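Let me begin by presenting the structure, written as structure tokens, before commenting on it.
The values are calculated or read from the model by the stated rules, or taken from the named source; none is laboratory data. Treat the numbers as computed from the prediction; the structure is a model and nothing was measured. Every residue, glycine as well, gets a Cβ built from its backbone with ideal geometry; the counts of neighbours run over all protein chains shown. Only protein heavy atoms, including side chains, enter the accessible area calculation; ligands, DNA and RNA are left aside. Shrake-Rupley method; radii C 1.70, N 1.55, O 1.52, S 1.80 Å.
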Amino acid sequence: MTTVDILAIAAHRDDVEQTCGGTLLKMAERGYRTGILDLTRGETGTRGSAEDREREAAEAARILKVAWRGALDIPDGRVENTWENKLKVARVLRELCPRVVILPYWKGRHPDHYTASTLGYEACFLAGLKKLDCSAGVSPALVTSVVPTLSAGSAQDRRQDAGATPHRPFKIIYATLYYDVRPTFVVDITDQFEARFKSLMAYRTRFSDQQAGKDLFPAQKEIRNRVEAMARFYGLLGGVEFAEPFLQKEVGLVDDLMMIPVKSI
Ligand SMILES: [Zn+2]
């Protein structure tokens with residue numbers, strides 16, 4: 001069965017590219033297997049269809065070197081923390097067995113984003129319950145896999161496996177870029193920044209300069225300026241050029257005072 005070390009869960013295709021794509025790429029370059037689970041398929045976007053998004057998500061996944069990327073059939077704009085949705089996410093967790101899960105931060109402007117955070121956390125909890133059958137009552141057309149490393153074996157076999165073996169991630173961290181909150185740590189993505197930006201620009205139907213929705217979407221040059229400004233800001237906090245911000249609920253554990261990074265004065 002295919003597994004990943006690190007799984008990023010987000011509401012929309014292109015969220016991961018904006019909030020933690022550099023970190024995923026960095027981890028892949030270190031030899032870890034990374035994955036992305038998009039909860040929705042982007043069918044209600046002003047620009048482009050769900051099919052356009054799927055193609056673009058696959059291209060972005062290739063740039064970020066992820067081992068697996070899939071999307072659930074939760075309606076775009078209607079991410080709700082229901083029992084059924086929690087089981088859908090829990091099944092993917094059981095199938096992929098990630099040690100680390102990256103969720104969106106639990107506050108934000110877009111309801112899909114903050115709901116995805118709670119939904120993801122509760123799914124991580126449920127996925128570890130030994131007596132819970134996650135395959136019960138969930139529709140069969142569940143995961144659209146755009147990076148096909150999970151395609152071996154029939155969907156039916158995978159569903160049974162996924163429903164049967166409990167797994168709870170060891171670590172949950174929250175990508176905070178969409179919300180103005182002080183991160184508990186940042187990841188240096190100086191070497192990954194250009195590729196991360198390229199992965200975002202892979203969503204051509206959304207971000208290329210065009211007439212449709214031009215009052216809603218900034219021009220490409222402006223997007224570049226914004227993405228760079230944010231990465232520089234968080235880089236500055238960590239004493240590096242570009243970084244991505246994260247928050248963990250737990251305290252940091254230190255073994256050697258001499259090795260604590262980031263200069264104080
Ligand atoms: Zn989003």
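Average projected area of the Cα convex hull of region 1-150, in nm²?
8.3 nm²
Just to be sure I understand: with springs between alpha-carbon atoms less than 10 Å apart, which residue in 194, 122, 80 has the highest mean-square fluctuation in the Gaussian network model of the chain?
Of 194, 122, 80, the most mobile in the Gaussian network model is 194.
Set the bar at 19 Å for Cα to Cα. Now go through 198/221; 130/249; 65/107; 65/198; 86/131 and name every pair that lies beyond it.
Working: 198/221 13 Å; 130/249 25 Å; 65/107 29 Å; 65/198 12 Å; 86/131 16 Å.
Where the Cα-Cα span goes over 19 Å, the pairs concerned are 130/249; 65/107.
Taking amide hydrogens as modeled 1.01 Å from N in the peptide plane, which residues meet the under 5 Å criterion relative to residue 41, leaving out close sequence neighbours?
Answer set, sorted by chain and number: 76.
Antiparallel as a % of all DSSP beta bridges within the chain, to the nearest 5?
Antiparallel: roughly 35 percent of the beta bridges in the chain.
Modelled label-to-label distance, residue 229 and residue 212, 7 Å Cα→beta-carbon offset: nm?
Each label point lies 7 Å from its Cα, and together they span 2.8 nm.
Could you check the spin-label model distance between residue 222 and residue 251? Points 7 Å from the Cα along Cα→Cβ, value in nm.
4.6 nm
Taking a cut-off of 17 Å between Cα atoms, list the aspartates and glutamates near residue 263, but don't count ones fewer than 8 places away on the same chain.
Within the straight-line cut-off, residue 263 pairs with 188, 241.
How much net charge surrounds residue 38 when only the other residues with a Cβ under 13 Å from the Cβ of residue 38 are counted, with Lys and Arg +1 and Asp and Glu -1?
-4
Using only the Cα atoms of region 167-257, what semi-axes does the equivalent ellipsoid have when each is the square root of 5 times a gyration tensor eigenvalue? Give whole Å, largest first.
Semi-axis lengths for region 167-257 are 31, 16, 12 Å.
By accessible area of protein heavy atoms, probe 1.4 Å, what ranking do 234, 178 get, highest first?
Numbers: 234 10, 178 90 Å².
Descending accessible area places them as 178, 234.
Can you tell me what the convex hull of the Cα atoms of the chain projects to on average, as an area in nm²?
Details: hull surface 57.7 nm².
Averaged projected hull area, Cα only: 14.4 nm².
Check each of the GluC sites (Glu not before Pro) in region 198-265 and keep only those in coil by DSSP with at most 13 other C-beta atoms within 10 angstrom; list them in order.
250
Which value at 222 nm does the chain reach when only helices count, each DSSP H run of 4 or more adding -39,500 (n - 2.57), with the total divided by all residues and rounded to the nearest 500 deg cm²/dmol?
Taking each H run of at least 4 residues, the total per residue is -11500 deg cm²/dmol.
In a Gaussian network model over the chain where Cα atoms closer than 10 Å are linked, find which of 176, 34, 46 has the largest mean-square fluctuation.
Evaluated over the chain, the most mobile residue of the options is 46.
Using just the C-alpha positions of region 1-59 as equal point scatterers, what log10 of I(q)/I(0) does the Debye formula give at each q in 0.19, 0.23, 0.29 1/Å?
Debye curve over Cα of region 1-59, log10 I(q)/I(0) at q = 0.19, 0.23, 0.29 Å⁻¹: -0.71, -0.94, -1.21.
Over the chain, what percent of the accessible surface lies on carbon and sulfur atoms, probe 1.4 Å?
The computed percentage sits at 54.
Net charge within 9 Å of residue 243 by Cβ-Cβ distance, Lys/Arg positive one each and Asp/Glu negative one each, not counting residue 243 itself?
On the way: positive: 232; negative: 188, 241, 244.
Surrounding charge for residue 243 is -2.
Roll a 1.4 Å probe over the protein chains and send me the accessible area per residue for the chain in Å².
Solvent-accessible surface per residue comes out at 50 Å².
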